[in-house]
There are 2 protein chains.
Amino acid sequence: MFENMIYLDNSACTRLDERVLEAMKPYFFDTYAVATSEFGYSMGIDAKEGLENSREIIASRLGTDSEEIIFTSGDTESSNMALKGTAWALKEIKGRHIIVLQIEDFPVLNTAKSLQKQGFDVTFLNVDGEGFADLEGLRKAITKETVLVSIQYANQEIGTVQDLKAISEICKEKDVLLHTDATHSFTRLPLNVKELPVDLVTLSAHTIHGPRGIGALYIRKGTPVSKFMDGGFQEFNLRAGVENIPGAAGFATAVELVTEDETRQLEAMRNRVIERAFSEIPDVTLNGSREKRLPQNANLTFHYVEGESITLHMDMRGFAVSTGSACFSRSLEASHVIRGIGGDHERAHGSVRFTFGRYNRMEDAEAAIDAMSEVVARLREISPLARK
Amino acid sequence: MFENMIYLDNSACTRLDERVLEAMKPYFFDTYAVATSEFGYSMGIDAKEGLENSREIIASRLGTDSEEIIFTSGDTESSNMALKGTAWALKEIKGRHIIVLQIEDFPVLNTAKSLQKQGFDVTFLNVDGEGFADLEGLRKAITKETVLVSIQYANQEIGTVQDLKAISEICKEKDVLLHTDATHSFTRLPLNVKELPVDLVTLSAHTIHGPRGIGALYIRKGTPVSKFMDGGFQEFNLRAGVENIPGAAGFATAVELVTEDETRQLEAMRNRVIERAFSEIPDVTLNGSREKRLPQNANLTFHYVEGESITLHMDMRGFAVSTGSACFSRSLEASHVIRGIGGDHERAHGSVRFTFGRYNRMEDAEAAIDAMSEVVARLREISPLARK
């Protein structure tokens, strides 16, 4: 591996912030007991206090109270619980229909498919060419049997930010629960659940320089959710398992460390990459919306070249970027997101995602696009698909 | 909290070993990418290698190959997956009956109860006065409809170690899958899945000075298990979610650090506590077997006194011990384990568990029993139940 690898895949995973580790250490080495009730021993009571402080910090970033936040092992579990928990709780009462966006990330998409196998009827809602949910289609798809709508806040690959306000108004009007996967937008885009009537929100620490293995689910008070993880009585008896208190402390600190200033810096890098790609490289398509996109995300298709080849050649030059190509993502097929917005296999295979994080600087973005220009030119020279 | 708290609740949670944290750091700060396929960038390939090395270390401690180990978020998830995964996979093929031990820990016990609500028939197998499974009862309970038997290796509270060999022979003879929760015995007691025909084993790092939020499930090749955590294609497409590679590295190091010598030291402390309690304190009952018990576990009922009072008074003297009393454990009722072995509420309420770990020394055990003698005498003086 390169000594000074420039890592531009921050939506997949992020480097841990040293300050996050510092926040975890007291719970590794000093207050390492499980959280006990007030009838427990003092180390357990202190541990409980640490857990609740972390919960409070995360809750307040969403504009809510801590009893509406439960800790999970990450966004995958949170989305499993949101979808299965509401579907199971309401199937006898309301019905067996759920609606998810066609371009959701795998935790939502494949949980929906798993519910399909359990006899639920699932609508995979269409998106337009930039990835925006079809709002009229949503309105029409909701029936009296619909127990849940799950539409992501921002897309994991192409960064398109949905109009959650309009979506939540439709759901409220139709009296159906709304879940949103905010894994990629949390702290980078505003979300206040007191102002926006969303009922469930998936959150994760791994995208914001927090630890892996910890996430959270916002559950609006009164929302019917069956337990997904059975066992002990932790997390208001909603999620069993020994509490990951160091993880929760790390997550809370990661949340506190994200600032508006930093997000604007990531956005500037993103903008620079998009601008230079369009002005310096021919035959480029921006995937997703130019205006309403995640501040840290650029996703471009460089036509006539293969994503795996780009990744390999960028890697040899010291840059880590990802592609919507099949083998890279281990998903067995080319990006369902690019195909969902109407792209063909060639567009999906040639797509490259740059996602910026705390440890990137503007010169990294500049260097990446310098390298990208060379790599694309070189690969097109040898590509049978390219226009010479 | 006391500056030098003597922590004797290592079965609930353990202090992280500094060497475990050192093993995690490279994956926090250097190789922090997600694990990619061989078509990914080099940091992802390195991350994958780290993950697979950790898997290999854990597998080899069980005497098996790494493709039979999947990482989870901990023992709770592993047991959820083992029970629900096999029940769901086999319900249409074989039947809807499972058998679990009456004194299982909550992840198995309450997952079984959750399956009951889903229409499964559950047998809660009895134990004798020391906590041993009723083997004749097991033999009789297995029907053609039985998809799974789940019997723990060693009990979380009273430390009784089951005769897994006899149990596995019955299951093999009757052609039924066997799961065992080895959360409290892993590395402390031998378990070789090549020699013992157990099909699924729950493991966790938090009991052996590893990180919280990471565990594993051993799944014998060919065992039908439905996915519990839906989403991405990680862990041989059996368990979705961004891999917790630092956690896996920490878990593997925690496994490597447990030695036979250390386990014998814990056993000596346990023996000393039991011996001194019996010789110095009147009206004491040992809960569980004297001979076949977890090396690190002592569980004693001090009659005529309340567990919460003991915990509180021990805490004031600087000792953290746990009790099977209801409020302490947050389980709403007094220990189902003590009641399972025929104890009444009084015996459950007065039970105290001492579990030893790496950071305890013999003088801690001695000091704990000194303090216990005083605390029990004092509490009995004011107890209306005590024989004066």
query = So for the protein assembly as shown, what are the equivalent ellipsoid semi-axes in whole Å, largest first, each being the square root of 5 times an eigenvalue of the Cα gyration tensor?
reply = 48, 27, 25
ask   = Which angle between 0 and 90 degrees, to the nearest 10, do you get for helix B:42-61 versus the longest principal axis of chain B when only C-alpha atoms count?
value = 50
request  = Give the Rg (one decimal place) followed by the Dmax (whole number) of region B:21-80, computed from C-alpha coordinates and expressed in Å.
outcome  = 12.9, 35
key: residue B:56 paired with residue A:4, simple spin-label distance in nm, labels 7 Å along Cα-to-beta-carbon   = 3.3
task = Using the 7 Å Cα-to-Cβ label point, sort the distances from residue A:233 to its equivalents in the other copies shortest first and give them in nm to one decimal.
result = 4.4
inquiry  = Can you tell me which of A:302, A:354, A:29 moves the most in a GNM of chain A? Springs connect C-alpha atoms under 10 Å apart.
reply    = A:29
request  = May I ask which residue of A:27, A:62, A:47 lies farthest towards the positive end of the charge dipole of region A:26-99, with charges of +1 (Lys, Arg) and -1 (Asp, Glu) on Cβ and the Cα centre as origin?
outcome  = A:62
task = Return the average number of partner chain Cβ atoms within 10 angstrom of each residue Cβ along peptide A:276-286.
result = 0
ask   = How big is the gap, in Å, between the Cα center of region B:347-388 and the Cα center of region A:82-140?
value = 55
message = Please give me the summed charge of the neighbours of residue B:25: other residues whose Cβ is under 15 Å from its Cβ, Lys and Arg +1, Asp and Glu -1.
response = -3
Helix-derived mean residue ellipticity, 222 nm - over chain B, DSSP H n ≥ 4, -39500 (n - 2.57), to 500 = -12500 deg cm²/dmol
message = Tell me the Rg and the Dmax, in Å, that the Cα atoms of region B:203-331 produce.
response = 20.0, 58
message = Using only the alpha-carbon atoms, how far is helix A:106-117 inclined from the longest principal axis of chain A? Give it as 0 to 90 degrees, nearest 10.
response = 70
request  = May I ask you to order B:147-153, B:42-48 by the average number of other C-beta atoms within 10 Å around their residues, highest value first?
outcome  = B:147-153, B:42-48
remark   = Per residue of A:76-82, other chain Cβ atoms within 10 Å number on average 4
task = Take the alpha-carbon centre of region A:204-244, take the same for region B:305-320, and report the distance between them in whole Å.
result = 31
query = What are the extents of the Cα atoms of region B:259-382 along their three principal axes, listed from largest to smallest and rounded to whole Å?
reply = 38, 29, 26
remark   = With the label set 7 Å along Cα→Cβ, residue A:22 is separated from its counterparts in the other copies, in nm and shortest first, by 2.3
request  = Can you tell me which of A:59-69, A:258-268 comes out highest on packing, and rank the rest after it, using the mean Cβ neighbours within 10 Å?
outcome  = A:59-69, A:258-268
remark   = Here the alpha-carbon Rg of chain B over 2.2 N^0.38 Å rounds to 1.01
Highest-MSF residue in chain B out of B:206, B:184, B:303 [GNM, Cα springs under 10 Å] = B:303
ask   = Which net charge results for the neighbourhood of residue A:281, defined as the other residues with beta-carbon distances under 13 angstrom from its beta-carbon, given Lys and Arg at +1 and Asp and Glu at -1?
value = -2
inquiry  = Below 8 Å between Cα atoms, with a sequence gap of 6+, how large is the relative contact order for region A:14-140 in percent?
reply    = 13
query = Looking at region A:1-130, what % of the alpha carbon pairs are farther apart than 27 Å?
reply = 46
ask   = By per-residue mean of other Cβ atoms within 10 Å, what is the highest-first order of A:214-221, A:309-316?
value = A:214-221, A:309-316
query = Which whole-number percent gives the relative contact order of region A:259-382, counting Cα pairs below 8 Å spaced six or more residues apart?
reply = 32
ask   = What does the charge add up to near residue A:181, with Lys and Arg as +1, Asp and Glu as -1, over the other residues with Cβ less than 9 Å from its Cβ?
value = -3
remark   = quick note, region B:86-241, DSSP beta bridge pairs, % antiparallel (nearest 5) is 30
request  = Evaluate E = 1/(1 + (r/R0)^6) for residue A:173 and residue A:65, where r is the Cβ-Cβ distance and R0 equals 22 Å; express this FRET efficiency to the nearest 0.05.
outcome  = 0.30
request  = Kindly state, as a whole number, the per residue volume in cubic angstrom of the convex hull around the alpha carbon atoms of region A:108-267.
outcome  = 136
query = How many Cβ atoms of partner chains, on average, are near each residue of A:205-214 if near means within 10 Å of its Cβ?
reply = 5
ask   = From the cross-link list A:48/A:221; B:165/B:221; A:48/B:292; A:113/B:25, which pairs have alpha carbons spaced over 28 Å apart?
value = A:48/B:292; A:113/B:25
request  = Could you work out the relative contact order of chain B, using alpha carbon pairs under 8 angstrom and six or more residues apart, expressed as a whole percent?
outcome  = 21
task = Place the label 7 angstrom along Cα→C-beta at residue B:280 and in each other copy, then list the distances from the first to the rest in nm, shortest first.
result = 7.6
query = To the nearest 10 degrees, how steeply does helix B:260-280 sit against the main Cα axis of chain B, on a 0 to 90 scale?
reply = 20
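Bear in mind these aren't lab numbers, they're just calculated from the coordinates by the rules spelled out. Source: prediction; values computed, not measured. We place every Cβ from the backbone using ideal geometry, glycine too, and count neighbours over all the protein chains shown.
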